[in-house]
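Notes follow the structure.
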Amino acid sequence: MKIKGLTVLMILLLASCSGGGDRNFDPAAAQLRLLHGTAASRVSLSRQGGDVVLEFLPTGDGAFIELDAAFPVDTFSEDWSGDAAVLHLVVPVNGRLQIGVAPRPEYSGEVVSLRLSSDPAGRSTSEPPTKPVNKVHDLEATDIGNGQVKLDWTQINWADYDLNGEVNISDLTPIAQNFGKSGSWTEADPEYWVDGDQNGMINISDVTPIAQNYLISVGGYNIYRNDVLFPPLGSGPGTVDPSFSTKPGAGLPPHYSAVLDSAADGSFTVAPVDYDGLEGIMSFPSMLSAPSLNVDLNIIGQQLFDQNTGLPSGFTNDTVVLRVIDPIKEVNAIEFGTVLPLGTDGQFTVNGLPRGQLFHLQVAYVPTVDLASGAPKGGSSLRGTSALPTDAVVTSIPFRLPLGSDPGSVQALIDLGTANPLGGYYVNLNDDLTLPGDNPATPEIETQWTRSEDIRLDFKNSQVTLDTDGNGDFEDEAHLEDPNRDCVSGQRREQELDDDDDEYESREEIEVEGDVVSFDELNGTVTLANVEVKVGEIETDISGQVTLTFSELSNFEERIRENEGDTEGDLDPSTIIPGDKLEVELYALEDTQLLIPTVYWTERVKRVIDNRT
């Protein structure tokens with residue numbers, strides 16, 4: 001097959017002229033150099049009159065050479081024979097010709113001949129990828145804690161079919177090896193990276209992208225954060241060189257991974273550089289936001305099992321597993337956000353949390369003693385599962401981040417060292433939750449506010465208590481059932497799930513008065529008869545009985561009316577009996593026309609004793 005100038009497939013390659021020079025062709029001065037591991041036995045060079053004749057045996061991966069034709073070239077003729085079962089390409093580089101011949105599957109070993117009769121000039125140096133097709137689109141930035149960010153991405157150098165970093169003559173081989181294949185390939189398939197024109201078929205037209213991108217190379221990548229370049233981390237061009245890459249599989253492009261000392265926020269981008277350090281097209285950005293929640297945690301009172309070694313240990317990050325879940329589902333729960341340990345034990349950040357939704361921050365750990373009995377026990381692994389093992393203790397802290405971007409913070413101390421007179425040990429949780437914005441429960445305008453809680457879990461009896469009056473005494477508080485032993489009763493969980501409106505404190509208070517028919521402290525219910533409901537200045541009597549719910553967050557107080565005046569103090573809920581008169585203050589958690597809403601928050605339960613005569 002005789003072709004004038006360039007191979008038809010190479011016409012799209014630029015054909016710049018050399019601007020004069022000696023046009024006399026001297027085939028005796030022609031020399032060749034073997035490329036890409038080509039054996040000398042696969043190529044022969046001879047001269048016939050004024051022409052150079054090359055013969056190829058392109059077995060295996062093919063035959064590749066560089067020919068110094070000893071003349072300045074701008075046009076030439078190439079005449080091929082025996083080429084029906086091969087792919088071939090002739091490309092001008094630095095005044096020489098690079099020639100490749102790659103066998104297709106049907107090639108049976110015949111000699112392939114090329115007669116050259118003239119001369120081209122073309123691109124002479126490498127260039128970085130600058131076309132949109134080479135734009136990295138899978139860059140992923142991850143906050144890995146300890147003041148570091150990890151970047152991952154896939155190298156794209158289109159038409160570099162053999163994935164050696166440069167588009168050159170050897171990229172004929174993968175086309176020939178896959179010639180005739182067709183399919184709907186994805187980036188996970190090696191064929192995707194050989195189908196250069198992306199028409200779903202590997203055929204002769206996939207040679208054209210080689211010509212269009214010839215000598216485009218990737219020698220590494222520059223990395224930027226907020227458009228500021230990171231200094232080199234390796235020895236090659238760019239911030240990272242190919243030593244930061246791995247091959248995920250045969251026929252798949254290199255995967256780059258780099259760990260940077262960096263703040264975990266902002267816009268991260270990468271751009272390829274060629275072997276000379278020239279920069280190509282910038283990637284799509286990967287964004288990191290500031291943490292949603294900062295956590296400061298400590299556990300004292302008992303040793304814990306280290307989850308890496310299985311040995312008893314004082315508290316470290318390796319003795320706990322933190323996760324954020326939707327409290328609707330405790331087992332096999334869906335986890336939200338990314339929990340990252342920082343450099344100091346007990347310091348964590350949680351990124352990527354939705355706003356305005358109730359979550360539980362769960363701290364899972366395995367004490368070296370059974371908290372229900374005090375007996376020693378063996379360790380178990382908490383790693384890699386959402387269904388936590390039955391012997392793990394899980395302590396939950398409810399929170400709801402307000403809308404906006406400012407982070408919240410939790411400072412929590414879990415004390416396992418107080419013995420329970422009934423057996424085992426208490427779990428004492430002291431936590432301070434600080435949230436950005438204004439506290440809806442106070443009239444002041446604030447930029448942040450803190451909710452402080454002191455909670456005791458009777459692990460043996462699965463009962464939780466909260467010190468609502470801050471006097472350090474849990475005996476005068478409600479003891480509610482906590483079957484999950486996570487320091488949150490079922491009543492509190494239901495109440496907070498319903499509380500999706502932080503403005504409930506701005507609504508009118510509802511006061512319910514009545515006589516106790518029954519009082520169930522563990523389950524958080526009280527049934528009243530002879531009920532009167534007050535909303536503002538309006539009072540209404542209700543016939544029949546009314547059952548109200550409360551949680552460990554509800555305050556219990558007592559008012560004693562004497563002739564000399566009223567006295568008020570704390571109330572031990574366990575002393576409430578049928579016939580007592582109670583005043584229950586609650587707030588609606590929904591807009592309703594009902595006197596007593598179906599969804600509400602019980603703020604206070606007050607027993608009234610009238611000793612007046």
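The values are calculated or read from the model by the stated rules, or taken from the named source; none is laboratory data. Remember, predicted model here, so these are calculated numbers, not experimental data. Glycine also receives a Cβ, built like all others from the backbone with ideal geometry; neighbour counts cover every protein chain displayed. Heavy atoms of the whole protein, side chains included, go into the accessibility calculation; ligands, DNA and RNA do not. Shrake-Rupley method; radii C 1.70, N 1.55, O 1.52, S 1.80 Å.
Numbers for the structure displayed
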read-out: FRET E, pair THR540, TRP449, Förster distance 41 Å, beta-carbon r, rounded to 0.05; value: 0.75
read-out: For Kirkwood radius over Cα pairs in Å, calculated from these coordinates, the label among (i) 29.4; (ii) 30.7; (iii) 26.5; value: (ii)
read-out: Given charges at beta-carbon only (K, R positive; D, E negative), |dipole| of the chain in Debye; value: 4800
read-out: Accessible surface of the range 78-180 [probe 1.4 Å, protein heavy atoms]: carbon and sulfur percent; value: 46
read-out: Mean ellipticity per residue at 222 nm, deg cm²/dmol - from DSSP H runs of n ≥ 4 across the chain, formula -39500 (n - 2.57); value: -1000 deg cm²/dmol
read-out: Residues in the range 567-584 that a label on ASP473 would reach, taking backbone N under 16 Å of a point 7 Å out along Cα→Cβ; value: 568-576
read-out: Loop-located GluC sites (Glu not before Pro) in the range 131-233 whose Cβ has at most 16 other Cβ within 10 Å (DSSP); value: GLU187
read-out: Student exercise, the range 530-613 dipole from Lys, Arg, Asp, Glu Cβ charges, in Debye to nearest 20; value: 220
read-out: When each of LYS131/LYS247; LYS131/LYS181; LYS534/LYS606 is checked by Cα-Cα distance, pairs over 18 Å; value: LYS131/LYS247; LYS131/LYS181
read-out: Antiparallel DSSP beta bridges within the chain, percent to nearest 5; value: 90
read-out: Over the chain, relative contact order from alpha-carbon pairs under 8 Å, at least 6 apart, %; value: 8
read-out: MET287-ASP79 pseudo-label distance in nm [points 7 Å out on the Cα-to-Cβ vector]; value: 6.4
read-out: Unit charges on C-beta of K, R, D, E only; dipole of the range 404-558, Debye; value: 840
read-out: Per residue solvent-accessible surface (Å²) - the range 85-240, probe of 1.4 Å; value: 36
read-out: Where labels lie 7 Å past Cα in the beta-carbon direction, separation of ASP610 and ARG561 in nm; value: 0.4
read-out: Over the range 158-198, relative contact order from alpha-carbon pairs under 8 Å, at least 6 apart, %; value: 38
read-out: Inter-label distance, nm, simple model (7 Å from Cα along the C-beta direction), ILE144/ARG33; value: 4.0
read-out: Ordering of 223-234, 151-162 by burial proxy (mean other Cβ atoms within 10 Å per residue, highest first); value: 151-162, 223-234
read-out: Extension gain (nm, one decimal) between THR246 and THR598, 0.36 nm per residue minus Cα-Cα; value: 120.8 nm
read-out: Burial order of peptide ranges 103-114, 483-494 (average beta-carbon count within 10 Å, highest first); value: 483-494, 103-114
read-out: Shape of the range 74-230, Cα gyration tensor, a/c cut at 1.5; value: oblate
